[in-house]
Structure formats: C-alpha cells, structure tokens
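Participant: Mind looking over this structure? Questions follow.
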Amino acid sequence: MHCVCAQQDDADRSSGSGNNGGGGGIWDLLRCRRMRKGHKFTMPKGERSMKAAILIQKWYRRYLARMEVRRRYTWTIFQSLEYAGEQDEVQLYNFFKTLLAKAPTTSGPLSVTDPGPPPDSDDPEDGFGPVEPGYKGPRVDFPLTKQGLDILLTSFRHKKPQRVHAHYAYHIIRDATAILRRLPNLNQASTAVGKQITICGDLHGKLQDLLVILHKNGLPCAENPYVFNGDFVDRGKRSMEVLLLLCALLIVFPGAVFLNRGNHEDRAINVRYGFIREVRTKYRMQSERLLHQIERLYRALPLGTVVDSQVLVVHGGISNKTDLREVWTLDRFKLASLMDPPQSAKDNPDGTEEDDTPERRAWRQVFDILWSDPQVADGCSHNTLRGAGTYFGPDVTEEFLRRHDLRLLVRSHECKLEGYELAHNNKCITIFSASDYYEVGSNKGAYVKLSGNPLTPQFVQFQVSAAKANKRRLTFRQRVGLVERSALKSLAATIEARRIVLEAEFKNRDPESKGTISVKEWCEAMQSGTGLSVPWRLLRDRVLSPAAAEEAAKTGLIKYSETFCGPGSSGCYVTEALYRDKMALESLFSALDTDHSGTISMTELKQACSLLPNDGSEPGQLCTRLARCLDFNQDGRVDLNEFLEAFRLVESRRPVEPNESPDEED
C-alpha cells in the first residue's frame, strides 16, 4: 500500500498539484485519508501528527525566512539612504568651503556656520527676562537640584511635554557647559564603587528612549554611573528635551554622568538634520542666543571616556593614525565644527590635504574619532559610504588596543537591527540606543552594562513602539509591512529625484534604442544612477511596474521606461526635484543667512552675489535683479518659503529635451 501511495504522489507531482506550499506533504495526508476510506487503511495517529507537525514547521520556517529577507532589504534601503544623505552633506559643505575661499576679502564674512563668541565669554545674564505668569511648563530653581530634576522628568514623561522656557533652558545648558569645560579631553570613569557602568549610544532626539533607559536602569548615582556616547540631537522631534535632560543629569550627578561628543554635536550638521529648525521653532526670538550657548556646549564636550583604564568609549571609532597621547593634549575648544578643517600647507596628488600642521593633525584625530566605522577586512581606508572618516579593520583595533594597553573599544555611530553588534573578535562593540530610528518597528534600541573584573559586557534591549504595537494588536507581518512600505516609498522618491541621471544610464546601456536592457545592466544602471548599494535584483518587482516585472521574469529583459511607474512613484518631476534638493537648499539658505535671523537681507544677498562669476554687472545690479525674483512679497527680505518657491518655479520651467514631450501643466 505504501508503494501505491508513492506512485500516486509521483503522478501528483508531475501534474503540478504538489507545488503549493510545503511540497507533497499535505497530499500524503489526503491520499492516506482517501485510501483509508476505500481500502480500510489506517495511518497511525502518531505518524499523522508527526507529518502534520513537520509540514507546519516547514511552512513556518519558510514564512520566517521571507519575513527576514524583507526586513533585511528594508534595512539596507534605509541605511543606504542615510549614508547617501551624509555624503551629500559633506560634498555640499566642501562646495561651500571652496566657494567661500574664492570670495573677495572686501565682501565681508559669509560662513556656513557661525562659530559664535569664544568659549570663555559666557554672559553673566541670560537676557531673557522674567518667566511669564502664564507659562505652563516646568519651573525649576538654580542651582539645579535633585528636586528640579524630578520636576523636569515629570514634565517630560507627559504624553505631550510642555516646552521648557528659554530662561531655564539657557541656564541648564550654561551650567552644564561650565562643568564640561573643567574636564579633560578624555573622561576618566571608574567602577570602583558600584562595580558597573552603563553605556548608552545615539539617542537622536528620542526622548522616550532616554526615559525608558532611566526607568529600566535607574537614575545615575555613584553606584550607577552612565556614559552617553554622543549624537544626542537631530532627526528626532525632542532633541532639545534630550539635551536639556542630559545636561540636568550632569549638573545634579556630576561624578556619575559622562557625556561624549558625537558627529552630530556640530552646528553644520544640525542645519541639515533638524535640530536648528527645532530650536528656532520652539524658541523663535530667543533661538540664536540658545544656539550660541549650545555651540559652546558642543566645544566643551569631551571626546571620549576611558573606563578603569581598560575600555575606551568614543562615538565613531579609530583609524591607524589615532593616538590617545595626541588626543589628550589637543585643544578641543577650537573645533567649533569638524566640517571646517584647518587649511593644509600642501595637497597630495589625489587631491587630499596632508596633516602637516599641528592644527590639521589635531582636527584629523578628532574627525576619525567621531566619524569612523569598523569593517570586516583588515586595514584602514576612506569611508566611501559616509564620505567622511575611515573604515578600520580588526588588525587596526588589535594594534590600537595593544599599544594603549586597553581591552575593549565601545563605539556608536551606526544604527543596528538589534541595537548592538560585536565585531573584531568581540573587541569592538557598537551600541545604539535610539529605537525605531528609521521607522516605527525598524530596529531595537540597547544599552550595555560593563561589570566584573575584567569588565564584561551585558546588553539590554528595548523598543518603545513595541507596547504601542501590542495595544493595536499588530502582527509581526503587519509591522514588517509598515516598515517595508515606508522604505519603498523613500526609495521610489529617490528614484524619481534621480530620473534624468537614470535615463542617461539606461540609454548608455541601450545603444540601439530597443527600450530594453538585461537585468544585470538594469541593476548596474540603478546603482550607478542612484549611488545606493541596495539589492536591486531582489527589489526589481517592487520598483518596476507589474507588467514589466512579469516580462523580466519571463525574458530576462527589462523595459527600463517602466522603472518610474512602480509602486510609490509619483511621476511629478517638480515635487521630486524639491524632495531631492530641499535639504541642500535649506543648508544654502542658512549659509546666506549670516546673522541667522531666518531671512536673507539685501546686504547678505549682495555678499552672495559678489561670489558669483563676473558677467560684467556690478554686484549691486545683480543683487537688485535677484531680489526682484526672490522677494515675492516685496518686504525687502527673503524668507525660506520664498527661497524654495523660486527654486520650484525655475524647476517647473526646465528646458524640454529634444525627444521629450512638453508637460501641459508646465
């Protein structure tokens, strides 16, 4: 009877009826049931249960594998977009730097970032006046005490925390800056009292993540010290609250809280990634005084922390040129922005500047500490994804630890799916404390506790959105789907923004103008045109139109014009051009707005005009023509909306290509 079942199974397989789901297992059960009825054959109950369990296990494993593939390529999309944005920021800043270097000396200063007053010029008065009687936010007394900290925590734990008054914010940041300025370049932390220390990674304005950490792990004290490893601000909506809470913790527990500088503790980076905008939105007229004080805080932040002379904690990492002896002695207060390096006396043949001056070498030490990432391969190379910092391999880590008599390197700077990652033979730890960094459900946050002798890491994971997802009763598949849709939407917008470049890449690979190219050529064109290292072959069904994806599966050829008709594509050139350049335009607007008033005056516009190529016109005449074009409401100043609107109008009137039909809406 078993032979008859096997023969019938072969027939079913040949007819294609056994190709659905887990192979022929379900058909074995159905055949045996059919034969049990007709021939009085009975399969043992235990065998039926085992077959069913194996079949369910196969299906479940296949389901988990598909979910994991979706989760990983979603992660790759988000990370590639993030690194591409950082690379654009570095290139944009280098462009500004080159432009400003050619500015006439008589035109006055026009800087991308305002370094503000020197670090030793704190004002004795805040200049904000008394707190209004109608103010409903937290009220604290100075000097700040544990009671004042509890008031801040209570306010921040509300679902919609009230804005902290500028008077209180200024004093908290100023008092924290005074403490930080007395510290060395590398904090010295000890576990002698509590036999443990907690290290937190990037927070990026995620106030709820910081509150979760303090709730789960307790407030700082001599027995429970903390190291917060940079990137407190940007991206998240509560960056100001995160910064104020960390400063308050430092003031109340100065010997138990250690703050390290990250690459986002930099005004040039804040312009692009949201913190400047957040401060100006929340504080309006007082924003510039607060931003000047925050910049003093940035310069005062130590560059790293050494725990028990065993563990080095820095934000980014190291390079083969990192020397802690130089880090100890450099003047960190001069480094207002790492995006503005000191000039070198000579250049290398490849266009890079040599570190031939003490200022340049000091800048390089700090830049590598804040911007570098580990890699699997040995050696040290330029960080091509971020466009800044270095990649360092296991051999670099091993040599660095041996040279400085250390056991472990702890760094942050990179978002990880699980909130942490071990690399370089477990001697390099990445810790990231901002959960749901890219999208709700995208990643867990974590912090690491070092304890014992020698210090041993123990990781604690958390995810703020998990409880909310459970309340809404979302399944794992639904949560993955939400994150995936967000990633694909961002990818589709990026593809639309690079449409002209991609069309050129496709045509270069189609010399006979057939309209189709191979899958391999399409993948190469997509990577070259977008600059994103994502699994394009795997994503083609999500990027192409359904008809083109089906045709590609059959013939191996892709109709590349259908690349812009996939799910999430808007087809609106002007909108996507704004999406592509909005951050760059905001950075440009900030560069022209030298007094950071939120508008560009005619004087500032004239300074910008003096940098443009000379077409025979006087800067004043050119300024007048530009002002007429930009100043829509004719109030004598150009705000950001007018600046972006002028760009939109120019984009909507772009020249029509010879083979392109004009758009009726244009």
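The values are calculated or read from the model by the stated rules, or taken from the named source; none is laboratory data. Given the structure is predicted, the values throughout are model-derived calculations rather than measurements. All Cβ positions, glycine included, derive from the backbone under ideal geometry; neighbour counts span all protein chains shown. For the accessible areas, the whole protein counts, side chains as well, though only heavy atoms, and no ligand, DNA or RNA atoms are used. Shrake-Rupley method; radii C 1.70, N 1.55, O 1.52, S 1.80 Å.
Participant: From (1) under 25 Å from the mean Cα position of the chain (by Cα); (2) among the charged types (D, E, K, R); (3) in a helix (DSSP H, G or I), pick out the condition that doesn't hold for residue 325.
Facilitator: The single condition residue 325 does not satisfy is (1).
Participant: Here's something else I'd like to know. What's the total number of residues in the range 305-330 that are open to solvent by 10 Å² or more (accessible area, probe 1.4 Å), closer than 27 Å to residue 192 by Cα and among the aliphatic types (A, V, I, L, M)?
Facilitator: 2
Participant: Could you list, in sequence order, the residues of the range 409-463 that are of a type in the set (Val, Ile, Thr) and either surrounded by fewer than 19 Cβ atoms within 10 Å (Cβ to Cβ) or in a loop (DSSP other than H, G, I, E, B) (or both)?
Facilitator: Across the range 409-463, the qualifying residues are 440, 456, 460.
Participant: Can you tell which of 172, 213 is touching a helix residue (DSSP H, G or I) at 6+ places or on another chain (Cβ under 6 Å), open to solvent by less than 20 Å² (accessible area, probe 1.4 Å), under 30 Å from residue 436 (Cβ atoms) and not charged (D, E, K, R)?
Facilitator: Going through 172, 213 in turn, the sole match is 172.
Participant: Sticking with this structure for a sec: What is the residue count in the range 267-322 for residues that are hydrophobic (A, V, I, L, M, F, W, C), over 16 Å from residue 243 (Cα atoms) and in contact with a strand residue (DSSP E or B) (Cβ under 8 Å, 6 or more places away or on another chain)?
Facilitator: 8
Participant: Moving on. Just to verify a result, which residue in the range 213-251, among those that are touching a residue at least 40 places away in the same chain (Cβ under 8 Å) and touching a Ser or Thr at 6+ places or on another chain (Cβ under 6 Å), is farthest from residue 183 (Cα to Cα)?
Facilitator: 217
Participant: Also: How many residues does the range 513-524 hold that are out of contact with any Ser or Thr (no Cβ under 9 Å at 6 or more places or on another chain) and in a helix (DSSP H, G or I)? Steps first, answer last, please.
Facilitator: Within the range 513-524, the subset out of contact with any Ser or Thr (no Cβ under 9 Å at 6 or more places or on another chain) is 513-514, 517-521, 523-524.
Pick out the ones that are also in a helix (DSSP H, G or I) and you get 519-521, 523-524.
Count: 5.
Participant: Hey, another quick one. Give 244, 249 a once-over and let me know the one that is touching a Pro at 6+ places or on another chain (Cβ under 7 Å), among the hydrophobic types (A, V, I, L, M, F, W, C) and either more than 22 Å from residue 369 (Cβ to Cβ) or assigned to a helix (DSSP H, G or I) (or both).
Facilitator: Matching residue, one of 244, 249: 249.
Participant: Which of the residues spanning the range 192-203 are at pLDDT below 95 and of a type outside the set (A, V, I, L, M)?
Facilitator: 194, 195 - these are the residues of the range 192-203 that are at pLDDT below 95 and of a type outside the set (A, V, I, L, M).
Participant: Here is a further query. If you check residue 192 against the conditions, is it assigned to a helix (DSSP H, G or I), open to solvent by 20 Å² or more (accessible area, probe 1.4 Å), closer than 21 Å to residue 256 by Cβ and not hydroxyl-bearing (Ser, Thr, Tyr)?
Facilitator: When the stated conditions are applied, residue 192 does not pass them.
Participant: In this structure, is residue 288 over 24 Å from residue 371 (Cβ atoms) and in a helix (DSSP H, G or I)?
Facilitator: Considered against the rule, which asks whether it is over 24 Å from residue 371 (Cβ atoms) and in a helix (DSSP H, G or I), residue 288 comes out as yes.
Participant: Next question, about the same structure. Find the residue count for the range 303-322, including only residues that are part of a loop (DSSP other than H, G, I, E, B) and not small (Gly, Ala, Ser).
Facilitator: 9
Participant: With open to solvent by 10 Å² or more (accessible area, probe 1.4 Å) and in contact (Cβ under 8 Å) with a residue 12 or more places away in the chain as the only criterion, which of 254, 302 stands out? Even if it seems obvious, please write down each step before you answer.
Facilitator: Details: 302 fails: open to solvent by 10 Å² or more (accessible area, probe 1.4 Å).
Residue meeting the stated conditions: 254.
Participant: Could you look through the range 550-576, keep only residues that are open to solvent by less than 40 Å² (accessible area, probe 1.4 Å) and among the β-branched types (Val, Ile, Thr), and pick out the one that is modelled with the lowest pLDDT?
Facilitator: Residue satisfying both the conditions and the ranking: 574.
Participant: Moving to a separate point now. For the range 216-243, enumerate the residues that are under 25 Å from residue 171 (Cβ atoms), more than 25 Å from the chain's Cα centre (by Cα) and open to solvent by 10 Å² or more (accessible area, probe 1.4 Å).
Facilitator: Answer for the range 216-243, where residues must be under 25 Å from residue 171 (Cβ atoms), more than 25 Å from the chain's Cα centre (by Cα) and open to solvent by 10 Å² or more (accessible area, probe 1.4 Å): 219, 221.
Participant: Here is a list: 289, 280. Which entry is within 17 Å of residue 238 (Cα to Cα) and either surrounded by fewer than 22 Cβ atoms within 10 Å (Cβ to Cβ) or polar (S, T, N, Q) (or both)? Don't jump to the end; show me each part of the working.
Facilitator: Working: 289 fails: within 17 Å of residue 238 (Cα to Cα).
Result: 280 is the single residue among 289, 280 that is within 17 Å of residue 238 (Cα to Cα) and either surrounded by fewer than 22 Cβ atoms within 10 Å (Cβ to Cβ) or polar (S, T, N, Q) (or both).
Participant: Out of everything in the range 369-398 that is assigned to a helix (DSSP H, G or I) and either open to solvent by less than 10 Å² (accessible area, probe 1.4 Å) or not hydrophobic (A, V, I, L, M, F, W, C) (or both), what residue ends up being modelled with the lowest pLDDT?
Facilitator: Step by step, filter the range 369-398, then rank; the result is 371.
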